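Structure, as structure tokens:
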Amino acid sequence: QAQVVESGGGLVQPGGSLRLSCAASGAFFNIRHMGWYRQAPGKQRDLVAVVTNDGSTNYVDSVKGRFTISRDNAKNTVYLQMNSLKPEDTAVYYCSSLGGTSWPYVRLGSWGQGTQVTVSS
């Protein structure tokens, strides 16, 4: 199974930006779909953004127009650029490799430790 390490979280004011990174190990990164999930306190872990192996992207409605997912296959890394952050974006963010052909996909990889994003003034 692919292993991942998430980083880049922090405390940011509403309206601010953060860029998260997910470094993945294991073979064949370039053929994997990859996704970012988030889990707010007391809530389930939900998929919020996907980048497929051909570079197509898809997002949950609540982050469309504000978040951008991208990948660098040479670095085995997936990014999540988060702009116009809102307090409701506060959560631990995780990445994983995905299976399937459409939303909500199927998580294939192991969970990493996640990275905490806190949006507060």
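The values are calculated or read from the model by the stated rules, or taken from the named source; none is laboratory data. What you see is a predicted model; the values in this text were computed from it and never measured. We place every Cβ from the backbone using ideal geometry, glycine too, and count neighbours over all the protein chains shown. To get the accessible areas, we keep the full protein, side chains included, count just its heavy atoms, and leave off ligands, DNA and RNA. Shrake-Rupley method; radii C 1.70, N 1.55, O 1.52, S 1.80 Å.
Between PHE67 and ASN83, the built amide H atoms are under 5 Å apart, and every one of these is 5 or more places off in sequence or on another chain. Does the chain classify as rounded, prolate or oblate by the C-alpha gyration tensor (a ≥ b ≥ c root eigenvalues; a/c under 1.5 gives rounded; else a/b over b/c gives prolate, otherwise oblate)? Prolate is the answer for the chain, as a/c is 1.5 or above and a/b outweighs b/c. A straight Cα-to-Cα reach below 15 Å connects LYS86 with the aspartates and glutamates ASP61, residues fewer than 8 places away in its own chain not being considered.
Excluding same-chain neighbours fewer than eight residues apart, the lysines reachable from LYS75 by a Cα-Cα span under 29 Å are LYS64.
Which order do peptides 74-82, 9-17 fall in by mean Cβ count within 10 Å, highest first?
Order by mean packing, descending: 74-82, 9-17.
Using the average count of surrounding beta-carbon atoms within 10 Å as a protection proxy, the listed peptides 104-112, 92-100, 46-54 rank, highest first, as 92-100, 46-54, 104-112. Rounded to the nearest Hz, the phi-derived 3J(HN,Hα) couplings of segment 115-120 under the Karplus curve 6.51 cos²θ - 1.76 cosθ + 1.60 (θ = phi - 60°) are 9, 7, 10, 10, 10, 7, where x marks glycine and proline.
Normalised per residue, the accessible area of segment 66-110 is 44 Å², obtained with a 1.4 Å probe and no contribution from ligands, DNA or RNA. Loop-located chymotrypsin sites (Phe, Trp or Tyr not before Pro) in segment 28-72 (DSSP state other than H, G, I, E, B) with a sparse environment of at most 16 neighbouring Cβ atoms within 10 Å: PHE28.
Treating only the Cβ of Lys, Arg, Asp and Glu as charged (+1, +1, -1, -1), what charge dipole size does the chain show about its Cα centre? Round to the nearest 20 debye.
Using only the charged Cβ atoms, the result is roughly 40 debye.
Report in % the part of the accessible area of the chain that belongs to carbon and sulfur, leaving out ligands and nucleic acids; probe 1.4 Å. The value for the chain is 49 percent carbon and sulfur by accessible area. Extending 7 Å from the Cα toward the beta-carbon at both ALA27 and THR101 defines two label points whose distance is 2.5 nm. Modelled spin labels at ASN83 and ARG19, positioned 7 Å past Cα toward Cβ, are 1.3 nm from each other.
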